[in-house]
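Data first, discussion second: the structure below is written as structure tokens.
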Amino acid sequence: MTDQSPNLSFRLASHDDYKAVMCMSKDIYGDTDYLPEFFHSFIDDPDTTVFLAVAGTQVVGLLVATITEEGKAFFSTSGRVDSAWRNKGVIGKLEQYQDAWIRQNRPTARYKRVTISAVNVFTKRQWKGVQEVFSMPYVDYQGGPNLWWRQDPAQLAQLDTTGLPDVVPLRYADDDFCTAVHKWLPAGACGGYDGKPVILVDWDPFTLCPANLKRLQAQNTIYMLNHKGEASLSLSNTYPTAAVRMMSVTIYAMDDLTVQKHLLKHLEDVSRSCKNEDIQLTVFVGLTELEDTIHQFCRDTLQMKNLLDRKSEVVMYEGDILSSHL
């Protein structure tokens, strides 16, 4: 399948494209891009396909699709365009190629999910024909290895004044547990094809169900806390980049004390395993009203540096690729 647009063709990526892709995307996210760490695993994952836009022999664009929900949906992510080719419609053409390829090769995956960052609630990008499912706030902070709690993670225990039981690794999840967590998800969080709620895990959206949580355990640290009949859930992963170790934590909980309890546990984990690296911490929080508390905790208590000059949120969209709009 080749696009007839002048100067551009489209194809699937292979391991051999690594150097070309890194050259094309070297200025994206500065030295904190995740693509160098994950490119080869994307190629090896049978449920993930990497699409390239090519001008002659030069790679000028990239898009990634990952099948999820037992083949019913996919999320489109990792858009990249060479600096000389931006504002020329490359991503739009890549999306057309991607969606046509999915329709032909993975026909059960009708529902396309996209997550984007919006700098604030007034500047959301609207995707034509794609329904907004939910939005949730996130914060970004950075801290070096010389912070008082990094070299001695046991000191984090001094910050725990919550009076709550310990969070524990998620060992099992059933429908009752997922139903209990559901109440702490962003308002309106549900999939377009089955009405089940959706969770965000380091920008990737998954329906909250036992099968998906089991799948996510392979790549994330997942903790839970049951207290007085309320269930909370947190997921985190870390990966190296050229500049810092990135750490993403998503927390679905009812109040600031429970959020703090989960966050302290994940920070203790990363401090024990990565003592000598700068950490860039992104925290997604399921309830908007808890955002300010997380800011205060990261800034004042953890003494980390705020990397955002305004409130930010991630917005999830979902649409049917068989509709005329996509």
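Listed by chain and number, the aspartates and glutamates whose C-alpha is less than 18 Å from the C-alpha of Lys26, apart from same-chain residues fewer than 8 away, are Asp16, Asp17, Glu37, Asp82. For the pair region 171-240 / region 253-326, the C-alpha centres are spaced 15 Å from each other. Taking all Cα-Cα distances within the chain, those exceeding 38 Å account for 15%. Counting neighbouring beta carbons within 10 Å and listing from fewest to most, the residues Trp148, Trp184, Trp101 come out as Trp148, Trp101, Trp184. Listed by chain and number, the lysines whose C-alpha is less than 18 Å from the C-alpha of Lys93, apart from same-chain residues fewer than 8 away, are Lys112, Lys128. A DSSP coil position with no more than 13 other Cβ atoms inside 10 Å describes the following trypsin sites (Lys or Arg not before Pro) in region 202-297: Lys228, Lys275. Lys-Lys pairs in region 212-326 that are eight or more residues apart or on separate chains and whose Cα atoms lie under 21 Å of each other come to 8. The value given for region 161-299 is a Kirkwood hydrodynamic radius of 15.4 Å, derived from the mean inverse Cα-Cα separation. Taking each DSSP H run with n ≥ 4 as -39500 (n - 2.57) and averaging over every residue of the chain yields -6500 deg cm²/dmol at 222 nm. Residues in region 214-223 carry Karplus couplings, in order, of 5, 5, 6, 4, 5, 10, 9, 8, 10, 10 Hz; the curve used is 6.51 cos²θ - 1.76 cosθ + 1.60 with θ = phi - 60°, and Gly or Pro positions show x.
Taking 0.36 nm per residue of separation and subtracting the Cα-Cα distance, full extension of the segment from Tyr172 to Tyr239 would add 21.6 nm.
Give the cross-link partners of Lys72 among the aspartates and glutamates, using a straight C-alpha distance below 16 Å as the criterion and excluding same-chain residues fewer than 8 apart. Excluding near neighbours in sequence, the set is Asp47, Asp99, Asp194, Asp204, Glu318, Asp320.
Any read-out appearing in this document is the output of simple, stated calculations on the displayed coordinates, not a laboratory observation. Keep in mind that what you see is a predicted model, and the values were worked out from it rather than measured. Virtual Cβ from ideal backbone geometry, glycine too; neighbours counted across all protein chains shown.
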